[in-house]
1. What number goes with the only condition from (1) more than 13 Å from residue 188 (Cβ to Cβ); (2) within 28 Å of the chain's Cα centre (by Cα); (3) surrounded by 14 or more Cβ atoms within 10 Å (Cβ to Cβ) that residue 245 does not pass?
2. Part of a loop (DSSP other than H, G, I, E, B), at pLDDT 75 or above and either under 32 Å from the mean Cα position of the chain (by Cα) or among the acidic types (Asp, Glu) (or both): does that describe residue 99?
3. Can you report the number of residues in segment 280-294 which are open to solvent by less than 10 Å² (accessible area, probe 1.4 Å) and either under 23 Å from the mean Cα position of the chain (by Cα) or of a type in the set (Asp, Glu) (or both)?
4. Which of the residues belonging to segment 328-349 are touching a Ser or Thr at 6+ places or on another chain (Cβ under 7 Å) and open to solvent by 40 Å² or more (accessible area, probe 1.4 Å)?
5. Filter segment 69-95 down to residues that are open to solvent by less than 30 Å² (accessible area, probe 1.4 Å) and either closer than 15 Å to residue 168 by Cα or touching a Gly at 6+ places or on another chain (Cβ under 8 Å) (or both) and give me whichever is modelled with the lowest pLDDT.
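The values are calculated or read from the model by the stated rules, or taken from the named source; none is laboratory data. Worth saying up front: this structure is predicted, and the values here are computed from it rather than measured. So basically every Cβ, Gly included, is an ideal-geometry build from the backbone, and we count neighbours across all protein chains shown. Areas reflect the complete protein model, heavy atoms only, side chains present, ligands, DNA and RNA absent. Shrake-Rupley method; radii C 1.70, N 1.55, O 1.52, S 1.80 Å.
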Amino acid sequence: MRLWAVFKKSLIEQFRDYKAVLLTVLSPIVFIVIFGLAFGQGFYTYSLGITNEDHGKLGDRLVQQIAGSEYPNGNKMFAAMPADYHTGNVREQVRTGAYDAHLYIPPGFSNSLLRHEQSGESSPVQMKLLGNPANLTYSIISSYVENYIHNFVWNNGMAGNPVQLVYEETGHSKAQSEFANMAPGLMVFSVFFLLILSAMVVTRELENRTIQRIVLSKASAFEFCAGITLSQMVLAAIMLPLVFASSLLMGFSSSGSYMLAYAVSLIATFSAIGIGLIIAAFCRTSLEAFILGNVVVTPMMFLAGIFFKVPPVKLFMVMGKEIELLTFVPTLDAVSAMNKILINNAGLSEVLPEVLVLATLSAGYFLLGIYLFNRKIMYSGGIK
């Protein structure tokens, strides 16, 4: 009977805090949805720049087959885009991620294959595949393209292989391991845990009823939120050098600007705190803030492209910057900027689009957090 009484009391109290129960139940569902969106729609479509300087039919046929290649579920394997190999922009476009890779088909590709088919002998024709080894998808693309070219040659009746695929790299990458590829993103993401702490700091004011004193002191919502934000920014300013140092101790190295990376990380911190203020406006306790904060921050981590590249949902262009659906998730541009700085040694001008988007989002989240805090907490005298 006592067991039944304890069970009944615990169940009633648990469901009395229905928000915590709901968020706990929703957390695994969020994980399933994220991985379903990332992997359940087939495989990723890789952007492949192609320069075809062959004047025969086989070069055109190869390009058409690559462009028309599909996965078993019908999704396109490559988004093939014509590129001018001799302008000098191809290397930069691959380095900055405009293309996942670039394939160069040289003059004489068709003639070499036809001579080999007729006589069984010909000097190998060299095709070039240019990629950035810091791009997590480069090794996958290399394997796909090499197999595709070999199958193309064999399907055209050649037992041997008169094609030599030469791999070229952008030459700017400093990443030499899986950890090195992920380290810049993990550095950024470390500050996003302040999202949870910021929300909990605010809700503790509610739990301790000190928010009522703040209301009676005539402090504005801006003053309160700005004070919380500054305290969290100081914490981030101290934490980031420790995070950078830990990455170095674990083997990460970069000749990129750590000062620029530090500045980008602080802007990312501002956006994280703003989201934390928004979360706090919908929570009554620090436990709720902790649970909801984790529900929010975990998808942001997986959708930032740290572990896998999420297919973009493109919306529109602004000043040459492609705005996609996930652009409104601040971790996406923060991680992109950090990868460019610490792996590709990019300067401020090269990451300026990401920095501007990140700063705009940070300001927007902060202002929305102030509005919601004023409306849901300050206006009601701290009583929800």
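1. With (1) more than 13 Å from residue 188 (Cβ to Cβ); (2) within 28 Å of the chain's Cα centre (by Cα); (3) surrounded by 14 or more Cβ atoms within 10 Å (Cβ to Cβ) applied to residue 245, the lone miss is (3).
2. For residue 99, the condition - part of a loop (DSSP other than H, G, I, E, B), at pLDDT 75 or above and either under 32 Å from the mean Cα position of the chain (by Cα) or among the acidic types (Asp, Glu) (or both) - is met.
3. 2
4. 345, the sole residue that qualifies.
5. 95
Results for (1) open to solvent by less than 40 Å² (accessible area, probe 1.4 Å); (2) of a type in the set (A, V, I, L, M, F, W, C); (3) at pLDDT below 85; (4) under 14 Å from residue 193 (Cβ atoms), shown as yes or no for each residue.
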{"residue": "268", "(1), (2), (3), (4)": "yes, yes, no, yes"}
{"residue": "305", "(1), (2), (3), (4)": "yes, no, yes, no"}
{"residue": "309", "(1), (2), (3), (4)": "no, no, yes, no"}
{"residue": "314", "(1), (2), (3), (4)": "no, no, yes, no"}
{"residue": "320", "(1), (2), (3), (4)": "no, no, yes, no"}
{"residue": "326", "(1), (2), (3), (4)": "yes, yes, yes, no"}
